[in-house]
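The values are calculated or read from the model by the stated rules, or taken from the named source; none is laboratory data. Just so you know, these numbers come straight off a predicted model, no measurement behind them. With ideal geometry, Cβ positions are generated from the backbone for all residues, glycine too; neighbour counts draw on all protein chains shown. Protein only, heavy atoms only, side chains kept; ligands, DNA and RNA dropped before computing areas. Shrake-Rupley method; radii C 1.70, N 1.55, O 1.52, S 1.80 Å.
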There are 2 protein chains.
Amino acid sequence: MREQKKQATREALSAAALRLALEHGPDNVRVDDIAEAAGVSPRTYNNYFSSREQAIVAAVTGEREARVAAAVADRPADVSLADAVIEAIVDQYTDPGEPARDALLLITTRPALRDAFVATTGAIEHPLTGAIAGRLADPGRHAARVLAASVAAAVRVALEQWLQTTAASATTSGLVVPSGSLPDLLRTALAPLIPALDAAEHRAGRPHH
Amino acid sequence: MREQKKQATREALSAAALRLALEHGPDNVRVDDIAEAAGVSPRTYNNYFSSREQAIVAAVTGEREARVAAAVADRPADVSLADAVIEAIVDQYTDPGEPARDALLLITTRPALRDAFVATTGAIEHPLTGAIAGRLADPGRHAARVLAASVAAAVRVALEQWLQTTAASATTSGLVVPSGSLPDLLRTALAPLIPALDAAEHRAGRPHH
DNA sequence: CAAAAAACTTGCGTACACGCAAATTTGCGT
DNA sequence: ACGCAAATTTGCGTGTACGCAAGTTTTTTG
């Protein structure tokens, strides 16, 4: 029950942060406003989020970290690790409806919000480690941890490219090369890691060469 | 020429930060003290570092980012990309003398400093991208960027493990498993990425499978 | 069911990061 | 050498993060 209430206030805070940022612009929102809109004290707001940007971005990213890990774990056992990871990530990052258009425009516009957005990729690392370890015969989790961190890094690279081009096309109207849709960018960024994922999946022991 | 003076004040600031932190403990050092010891205004301190931890850690990490990239680029052309990267990193992170023993003990002790220390691995990403791209025939730098980010992530994982065990052995005297020297941890963490580095090196085109 | 224990919230005080604009310094052209 | 333009330093003001201890709510225990 305490968990439910904690998650409720957490959602209320990030929802209020996003709504106020959209209404008045992100620079005209103070933490007191967010706290008041969520019905808690300013100090409590800082027990949940350590920056305004974190709260705003959380309203968009939501529970993506846990969902990615669950999606990897739920793939049938006969698909390769690489395919499971790639498809799970692409699925979760193309989930429509969730990213409200205006919210994403806001995030791509302000540098501080962009940074907070890409920083969320770090949060998938821990759950993903478990999901990858579950698909490896090797009980040692060192490889899984490194692979999860690498996958998270690749996702971050893809998001950076995506934000860069979308920000550019937002300012200079239409003449930039739209370097691809987000799913394509994700697949391209993850492609170099396929050999590492395959190798970890096939060899049980030490991959020293 | 102004570059020299800027680097000088930067060094003076981080050196003063480390010295004061060692003398009085990191929690008893205020920004004003660091600025005064370096002979600049407090506001100027914040033009160089955005946190006390950053300044302290910079005194230890120094120019490691650039040195790693240079070391990768300087390996002979007939060694594999994976070997070049691994050996360059191991070399730069075992450079003796630089990490003063007491400074590292200080960093491993305080959580905030530990976080700042591991965060420095992100700084090697950009230079390393260039160095890796220079060893790939493929002019497209997407793969190099992803690989560099993955390598940086692996190094970060190794540092986390190293700090974790050293911190544990610092508190509970001696009964924890010393999970290995830093060079060993680095090699183990980088091993899962070898297939990806090899594949990127050999195939010029698209590594889709 | 009462009372202790644990967890969460809140107010307060302190230190801090950073935007902004004025003042000072540096590099350069003539 | 002189002064102009760009870069850098500095003071100030605002909004913020967070440790700490007291107050409040929830969970556990006898």
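Counting only helices (runs of 4 or more DSSP H) wholly contained in region B:1-113, the ones carrying 1 or more residues that are open to solvent by 50 Å² or more (accessible area, probe 1.4 Å) and within 16 Å of DNA strand C (Cβ to nearest atom) occupy B:2-24, B:31-38, B:42-48, B:52-61. Scoring B:Thr120 on the criteria (1) modelled with pLDDT under 90; (2) under 16 Å from B:Arg64 (Cα atoms); (3) outside any loop (DSSP other than H, G, I, E, B) leaves a single failure, condition (1). B:Asp138 meets all of the listed conditions (1) buried (at least 16 other Cβ atoms within 10 Å of the Cβ); (2) among the charged types (D, E, K, R); (3) at pLDDT below 90; (4) part of a helix (DSSP H, G or I) but one, namely (4). Contact annotation: residue pairs with Cβ atoms under 8 Å, 6 or more positions apart or on different chains, pairing a residue in region B:33-50 that is among the acidic types (Asp, Glu) with a partner that is more than 7 Å from DNA strand D (Cβ to nearest atom), are B:Asp33/B:Leu20.
Table: residues versus (1) more than 16 Å from DNA strand D (Cβ to nearest atom); (2) among the β-branched types (Val, Ile, Thr); (3) more than 14 Å from every other protein chain (Cβ to nearest Cβ).
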site	(1), (2), (3)
A:Glu3	no, no, yes
A:Leu18	no, no, yes
A:Pro42	no, no, yes
A:Glu63	yes, no, yes
A:Ala71	yes, no, yes
A:Val79	yes, yes, no
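Condition check: surrounded by fewer than 18 Cβ atoms within 10 Å (Cβ to Cβ) and aliphatic (A, V, I, L, M). Does A:Ala116 satisfy that?
Values: surrounded by fewer than 18 Cβ atoms within 10 Å (Cβ to Cβ): no; aliphatic (A, V, I, L, M): yes.
In short, no.
With respect to (1) assigned to a helix (DSSP H, G or I); (2) at the interface with chain A (Cβ under 10 Å from one of its Cβ atoms); (3) open to solvent by less than 40 Å² (accessible area, probe 1.4 Å), the lone exception for B:Arg156 is condition (3).
Of the set (1) more than 15 Å from the chain's Cα centre (by Cα); (2) modelled with pLDDT under 90, all apply to B:Thr94 but (1).
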